[in-house]
Structure formats: structure tokens, C-alpha cells
1. What are the residues in segment 110-133 that are farther than 24 Å from LEU166 by Cα and in contact (Cβ under 8 Å) with a residue 60 or more places away in the chain, if any?
2. Any residue at all in segment 140-160 that is under 17 Å from the mean Cα position of the chain (by Cα), touching a residue at least 60 places away in the same chain (Cβ under 8 Å) and open to solvent by 20 Å² or more (accessible area, probe 1.4 Å)?
3. Within segment 161-195, how many residues are open to solvent by less than 30 Å² (accessible area, probe 1.4 Å) and of a type in the set (Asp, Glu)?
4. If a residue has to be over 21 Å from LEU130 (Cβ atoms), polar (S, T, N, Q) and open to solvent by less than 60 Å² (accessible area, probe 1.4 Å) to count, how many in segment 57-92 make the cut?
5. Does LEU105 meet the test of being of a type outside the set (Lys, Arg), within 15 Å of the chain's Cα centre (by Cα) and within 22 Å of ALA162 (Cβ to Cβ)?
6. For the list (1) of a type outside the set (A, V, I, L, M, F, W, C); (2) assigned to a strand (DSSP E or B); (3) open to solvent by 60 Å² or more (accessible area, probe 1.4 Å), I need the number of the one condition that SER95 fails.
7. Would you list the helices (runs of 4 or more DSSP H) that sit entirely within segment 137-253 and hold 2 or more residues that are closer than 25 Å to GLY99 by Cβ and modelled with pLDDT of 95 or more?
8. Give the residues of segment 207-239 that are open to solvent by 40 Å² or more (accessible area, probe 1.4 Å) and touching a Pro at 6+ places or on another chain (Cβ under 8 Å), sorted by residue number.
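The values are calculated or read from the model by the stated rules, or taken from the named source; none is laboratory data. For clarity, every value in this text was computed on a predicted model and none was experimentally measured. Glycine gets a Cβ as well: all are built from the backbone with ideal geometry, and neighbour counts include every protein chain shown. With ligands, DNA and RNA removed, areas are computed over all heavy atoms of the protein, side chains included. Shrake-Rupley method; radii C 1.70, N 1.55, O 1.52, S 1.80 Å.
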Amino acid sequence: MPFNHLRQPHQPTGRKHFAVLLDPDNLTEASCLHLIALTASHPVDFFFVGGSLITTDNQAGIIRLLKENTATPVILFPSNSQHIDRQADGILLLSLISGRNPDFLIGQHVLAAPVLKASNLQVYPTGYMLIDTGRQTTASYVSGTTPIPYDKPSIAACTAMAGELLGLRYIYLDGGSGAHMPVDPQMIAAVRTAVDVPLLVGGGINTADKAKAALEAGADVLVIGNHIEENPGFLAEVSALVSSYNVALDVHR
């Protein structure tokens with residue numbers, strides 16, 4: 001799985017990646033197929049599937065459509081142990097290290113462990129950090145946790161560092177669905193400096209300028225969700241941006 005090779009430890013710079021986060025509650029079969037068709041000419045690296053609160057039974061159908069119509073890896077983005085689907089290629093095993101709710105630090109993981117152990121899913125242990133970006137999100141409400149303040153990059157850096165020292169192999173900074181602002185580039189840069197593991201950043205990235213700022217600050221993977229569901233054309237913009245960044249990186253090597 002290419003997700004394993006996003007960034008090697010102690011490597012100061014690396015290629016950038018683009019993940020589209022699909023919320024099963026917000027997609028129809030037609031809209032999912034439309035997005036898949038767009039990726040034929042505007043490629044993405046990963047499809048993440050899931051959400052903080054899933055109220056429909058669409059997830060299995062969305063994953064099946066993705067697996068039947070694209071070779072792009074499908075990675076689960078679960079909010080709890082009930083959202084495991086063996087059709088996917090892998091799962092972000094999210095430990096909510098920005099909060100102090102034991103259920104999302106380890107509790108749901110205990111319930112999921114025997115299912116994951118018996119599956120063929122590739123498991124990606126991920127330190128998940130909610131960042132305050134101007135409004136309460138579904139993730140913070142459902143988890144009962146307080147996001148890291150927007151203007152406290154040192155708290156985010158130390159939290160990420162603790163996650164890495166505990167053995168988590170990825171760090172995910174998330175402003176949440178419908179965030180008013182993206183994660184501050186200064187916070188992204190602080191976390192990037194603090195850890196050697198791959199850094200995923202999402203939430204509130206709804207313009208090419210915001211996407212570029214996150215990449216330049218040190219994000220290894222841009223995660224775009226809501227805005228692509230509302231404006232599928234944005235997929236092409238971000239795909240082109242990530243591609244141009246990687247081309248420039250190759251030229252300078």
C-alpha cells in the first residue's frame with residue numbers, strides 16, 4: 001500500500017498527496033460516480049470514507065462503487081468500531097490524542113481490535129487532533145472533547161510529539177467538517193518540525209490558496225471533504241496543485 005510510504009522518518013521533505021474524504025451521508029450513487037469519473041483525469045491518491053456521525057447505511061455501497069470503478073486505495077475514516085468494512089483497503093485507526101475521552105483514546109479500539117485482527121485491512125495507527133477553527137464541529141460534539149486552540153501551535157506540537165513517542169505512525173490535524181478556517185499554517189509548521197511521521201491536514205481547505213499554504217507549511221497529505229462534495233470542480237484544482245508541487249520537487253532533486 002502506498003500509504004505506508006508517504007514520508008520516511010527523518011526525511012526533511014517528500015512528495016505531497018491528496019485524499020478525498022467522502023461522507024456516506026452526503027453522497028448518492030450518482031454523485032459518487034461523478035467524483036470517480038473526475039479522478040480519471042484529475043487523480044487523487046486516496047479515498048477516505050467515513051464521518052463523525054453516520055446516520056445512513058450508505059457506507060458499504062459507496063465503498064463498493066469505489067472498489068468497482070477505481071484503483072485508488074480506499075481507506076476507512078471511522079468514528080467508532082461499528083464503521084469497519086472489510087471491503088476497504090485499510091483503516092485509519094484514530095486515537096483522539098487532542099482530547100481526554102478514554103473511549104476515543106482506546107475504548108473503541110478495544111472493541112475493534114478482534115475484528116481488525118481477523119480482517120485483511122491494512123491498519124494505520126493515527127494520532128487524531130481536533131483543532132478549533134471557529135465553530136463547534138460534529139467531531140468535537142460527538143467525542144465530548146475540547147479542540148486544541150487555533151492560536152496554540154506549541155500545544156499541538158507537543159501533543160503530536162507525545163503521539164509519535166507512544167508509537168503512532170501518522171498525525172492528522174483536523175479542523176472538522178464545515179470549519180470556518182483551515183488549520184493555521186503556523187501550527188502545521190510547528191507540528192511538522194516536532195515529528196518525523198507523515199502529517200495529514202484537513203478541514204476548512206476550500207480554496208487553492210489555502211491548500212497551497214497547508215502544503216508549504218509541511219502537510220504531507222491534504223484531506224478535502226465538504227467542499228468537493230459541494231463543488232466537485234475543486235477536485236481538479238487541488239489535484240493540479242499537488243501534481244505541480246511534486247513536479248517542482250522532482251526538478252530540484
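1. Within segment 110-133, THR133 is the sole residue that qualifies.
2. Checking segment 140-160: not a single residue is under 17 Å from the mean Cα position of the chain (by Cα), touching a residue at least 60 places away in the same chain (Cβ under 8 Å) and open to solvent by 20 Å² or more (accessible area, probe 1.4 Å).
3. Residues in segment 161-195 being open to solvent by less than 30 Å² (accessible area, probe 1.4 Å) and of a type in the set (Asp, Glu): 1 in total.
4. Within segment 57-92, residues that are over 21 Å from LEU130 (Cβ atoms), polar (S, T, N, Q) and open to solvent by less than 60 Å² (accessible area, probe 1.4 Å) number 4.
5. No, not satisfied.
6. The failed condition is (3).
7. Hits in segment 137-253: 153-165, 185-194, 208-217.
8. LYS210, GLU216
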